[in-house]
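The values are calculated or read from the model by the stated rules, or taken from the named source; none is laboratory data. Everything quoted here is computed from the prediction, not taken from an experiment. A quick note on method: Cβ atoms are made from the backbone with ideal geometry, for glycine too, and the neighbour counts reach across all protein chains shown.
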Amino acid sequence: MENKIILAIETSCDETSISLHKGSQVIDIETFTQIKEHNNYGGVIPEFAGRMHSQEIAKVYKTLMNRNEMKAAQIDYVAFTKQPGIINSLQVGLIAAKTIAMLTNKPLISIDHLQGHLLSPFINEKNIEKHFPMIGLIISGGHTDLYIMKDSVSYQLIGKTTDDAMGEVYDKVGKKLGLSYPSGPEIDKLTTSKEGSLKFNKPKTKELDFSFSGIKSQYFREIEKTNVLNIEDIINSFQYSISNHMMDKLTLASEKYNIFNLSISGGVSRSPYLREKITSNKMFKNIYFAKPKYCSDNAAMIGYAAYQNILNKVQVNENLDVDSSPKSTLH
Ligand code: KG4
Ligand code: ZN
């Protein structure tokens, strides 16, 4: 398996990303991000996203293949994100993957985007079985999901958001302040101290579920009632309160299941503030963060998940009539 070439395609949201892998190792990746285009609207517009993937995907493929002097015939497996995501976007990757698999007569491997995130801290690592079981947390613009990762291919969902995703809240809070999309990194830059003076009420949720809309509403109220905006204090208070909620769930999950290894992934996990908060909690034994370049949506995590699925003989070798789906199989 270490000599096999995997081509992976990720187009579930607003990144057109294609990567080449040799076994567990990423050879190269090419990504076109649509962030600038969606920035004008303060969020991703599904119809635009699909059209931009169609415009860009052939260019992304050609750039990657030419840079690596690779021919389609050298590819052993074609992997793609089947679900979840924006259907218009997913379908562009699906059609590209089908076409390449059909012309090269190579297996077509479908991957769930959430499996990609969960395994993203281990991209390029060969033997990962020693890390399991783990608690896996995905925090992104579309997801806030907590799993027990039993091994590299079996996961059990133990908690999820009951309203907004964590990244979505950062983006809405940022929009209210007139910050650009995505706002998570901007909010991070504006955070100056560990604790603000405002005390937001703790969300009330079922055991391991998350809820961010209460914190968001309290934040909005604070912003609206302040005449001279004390942005710094409000942002510090918001960061403190949202990160505490995340920590409460992580520690509760670890205690409940007696698992102290963590895998943390997704765009929000790029935050140095959150990383510091997680690593400073000494109850966890090993904490595995995705590299910053693999936190946001990328094809490398899809190719690596395909590698693990092929290695563990659970890969779905799809027929050419396979279709995309907006829903994850891990939910
Ligand atoms: O994983 P991702 O790139 O896309 C999705 O699959 O959703 O995550 C994007 C999200 C955005 O909501 C963005 O605001 C957030 O990740 N984000 C951050 C930071 N960097 C990106 N949130 C908090 N702090 C950051 N430094
Ligand atoms: Zn994602």
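Structural remarks
- Residue match in the stretch 213-222 (condition: within 24 Å of the chain's Cα centre (by Cα) and either assigned to a loop (DSSP other than H, G, I, E, B) or more than 16 Å from K160 (Cα to Cα) (or both)): yes
- Summed over the stretch 88-127, the residues that are in contact (Cβ under 8 Å) with a residue 40 or more places away in the chain and away from ligand 1 (no atom under 15 Å from the Cβ) give a count of 18.
- Residues within the stretch 170-184 that are modelled with pLDDT of 90 or more and within 16 Å of ligand 2 (Cβ to nearest atom), tallied: 3
- Listed here are the helices (runs of 4 or more DSSP H) enclosed by the stretch 231-331 that have at least 1 residues being surrounded by 22 or more Cβ atoms within 10 Å (Cβ to Cβ) and in contact with a Phe, Trp or Tyr (Cβ under 7 Å, 6 or more places away or on another chain): 231-257, 299-311.
- Taken over the stretch 248-299, the criterion of being charged (D, E, K, R), farther than 30 Å from I18 by Cβ and within 16 Å of ligand 1 (Cβ to nearest atom) is satisfied by E276, K277.
- Criterion violated by G214 - all others in (1) within 26 Å of D297 (Cα to Cα); (2) in contact with a Pro (Cβ under 6 Å, 6 or more places away or on another chain) satisfied: (1)
- Pairs with Cβ under 6 Å, 6+ apart, first in the stretch 178-206 and touching a residue at least 24 places away in the same chain (Cβ under 8 Å) and closer than 24 Å to D163 by Cα, second part of a loop (DSSP other than H, G, I, E, B) and within 16 Å of ligand 1 (Cβ to nearest atom): Y181/G42; D188/S271
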